[in-house]
1. In the set GLU138, GLU134, which member is surrounded by 19 or more Cβ atoms within 10 Å (Cβ to Cβ), farther than 30 Å from PRO372 by Cβ and among the acidic types (Asp, Glu)?
2. For region 93-108, what are the residues that are assigned to a loop (DSSP other than H, G, I, E, B) and either under 27 Å from the mean Cα position of the chain (by Cα) or assigned by TED's automatic domain parsing to the domain that holds ILE294 (or both)?
3. Can you report the number of residues in region 192-212 which are surrounded by 16 or more Cβ atoms within 10 Å (Cβ to Cβ) and not hydroxyl-bearing (Ser, Thr, Tyr)?
4. Only one of GLY111, GLY175, GLY161 is loosely packed, with under 15 Cβ neighbours inside 10 Å and outside any helix (DSSP H, G or I); which?
5. Sort through ILE351, ILE294, ILE307 and tell me the only one that's buried (at least 18 other Cβ atoms within 10 Å of the Cβ), modelled with pLDDT under 90, among the β-branched types (Val, Ile, Thr) and in the same structural domain as ILE276 (by TED's automatic domain parsing).
6. Going through region 120-158 one residue at a time, which ones are free of Cβ contacts under 8 Å to residues at least 40 places away in the same chain and outside any helix (DSSP H, G or I)?
Amino acid sequence: MGLYKYLASSGRDKPAEVLIEADNQNEALNKLRSRRLIPIQYLGEASMNAGGKLNPFGKGGIDTFAFTRQLSPLLSSYIPLERALAIIAEGSEDPRQKSFVNNMRQGLHEGKKFSELIRSQGSLFPDYYANLIESGEESGCLPEVLVQLYKFMGETRDLKGFIVSNSIYPSVILGIVLIVVILLFTIFVPKFATIFADMGRETPPSLNRLLAFSAFAKWAWWIIPLLIVAGCFAYIQIFGKKQFDYVTSKMKLKIPLIGRIISDLEMCRYIRTLSIMTMNHVEIIRTVKIAGRIIHNPVVAEPFQPIADKLKSGQKLSATLQGNPYVPRETVPMLRVGEESGNVGDMLVRIADNLESDTRAKIKRLLSLFEPAVILLLASVVLLVVVSIFQAMMDLNAVE
């Protein structure tokens, strides 16, 4: 499938750019005419994303958060979806965005569901987006789902921004440490060793150790990463990518502090998805199935797979989450209270808010510990070099 761009008109409106997905240019023209559009000019092929799906925005894509922000209040004002998209297209100053929205409108005219159009964009939208849109279509609560989606995406965006902004300073410190260490072992230590060679003196053992490490680092800096990449590639070829992803995900979860944050981030998305769908009266079995697909880490996702079957057997949601190693301890009692009071949706919202707040605090503590740890590492390396050089100087001044 290719993506072909035309300047076309319906005969009544002004010519506009239109994107047609087809196997060849002739098929694209036929599809264009079937929509009662008159082709005026062929503008070439548009780009496709990595999954081969429609992506009229090339590499950058559109801002799905801004798209949701514009669409949500329009649908909440009881404006029909097609009309809401027309309003967004009319107010857009970016020709690429206007083309994208117009293509969505054309898909609606062809009888496609909004969720199908979202899925056709591949990785342009978050993986949970189409599932939640589909649940809103089926339950008749699409405006409410979009409001919750906008809030969810905003919170996710804020969390990512929080992580990035708080990681800048530690990353700069780590970069400086690496540069200093590289300069020490590739320039300073070897030059100091030449002093002994020029004087015809034997290099002291302390300096020999530094030189050995320097020589090792000069070739290992590219050999070791190459071996790691080759090992990963060989593992994928032998055991398959699914097994490789499972093993690497398991290793990530075993990293002290970081592993718990990874699982907590997955739980933030899982419980937030549960809360959105429960608040919009989506059937519980479907809710847990969709929420389960939100979890990216296969190791974390594994204990959640039997939940739907347990619910079918008559268990409550709190009982199915009992004993799950990745669900925070306070979640189950709070959820049980929500079930007893008939306020599961509101309780899930509170649980998600608390978990996101706790996760932010954990990330902040981790980054605050990272800074002194990096500085301590630099101080240890510099101390080792200074002590080794001091011992060498003492040997140099020793009287034979």
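1. Unique residue meeting the criteria: GLU134.
2. Hit for region 93-108 is ASP94, nothing else.
3. Result for region 192-212: 7.
4. Result of the check over GLY111, GLY175, GLY161: GLY111.
5. Exactly one of ILE351, ILE294, ILE307 is buried (at least 18 other Cβ atoms within 10 Å of the Cβ), modelled with pLDDT under 90, among the β-branched types (Val, Ile, Thr) and in the same structural domain as ILE276 (by TED's automatic domain parsing), namely ILE294.
6. Selection gives GLY140 alone.
Okay, residues lined up against (1) more than 22 Å from MET153 (Cα to Cα); (2) in contact (Cβ under 8 Å) with a residue 60 or more places away in the chain; (3) within 31 Å of the chain's Cα centre (by Cα):
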{"residue": "PRO306", "(1), (2), (3)": "yes, no, yes"}
{"residue": "LYS310", "(1), (2), (3)": "yes, no, yes"}
{"residue": "PRO325", "(1), (2), (3)": "yes, no, yes"}
{"residue": "VAL332", "(1), (2), (3)": "yes, no, yes"}
{"residue": "LEU335", "(1), (2), (3)": "yes, no, yes"}
{"residue": "ILE363", "(1), (2), (3)": "no, yes, yes"}
{"residue": "PHE390", "(1), (2), (3)": "yes, no, no"}
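Quick grid of which residues meet (1) outside the structural domain of ILE173 (by TED's automatic domain parsing); (2) polar (S, T, N, Q); (3) closer than 30 Å to ILE276 by Cα; (4) at pLDDT 90 or above:
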{"site": "ALA301", "(1), (2), (3), (4)": "no, no, yes, yes"}
{"site": "GLU339", "(1), (2), (3), (4)": "no, no, yes, yes"}
{"site": "ILE363", "(1), (2), (3), (4)": "no, no, yes, no"}
{"site": "GLU371", "(1), (2), (3), (4)": "no, no, no, no"}
{"site": "LEU378", "(1), (2), (3), (4)": "no, no, no, no"}
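The values are calculated or read from the model by the stated rules, or taken from the named source; none is laboratory data. Just so you know, these numbers come straight off a predicted model, no measurement behind them. Quick reminder, even Gly has a Cβ in these numbers, built from the backbone with ideal geometry, and neighbours come from all protein chains shown.
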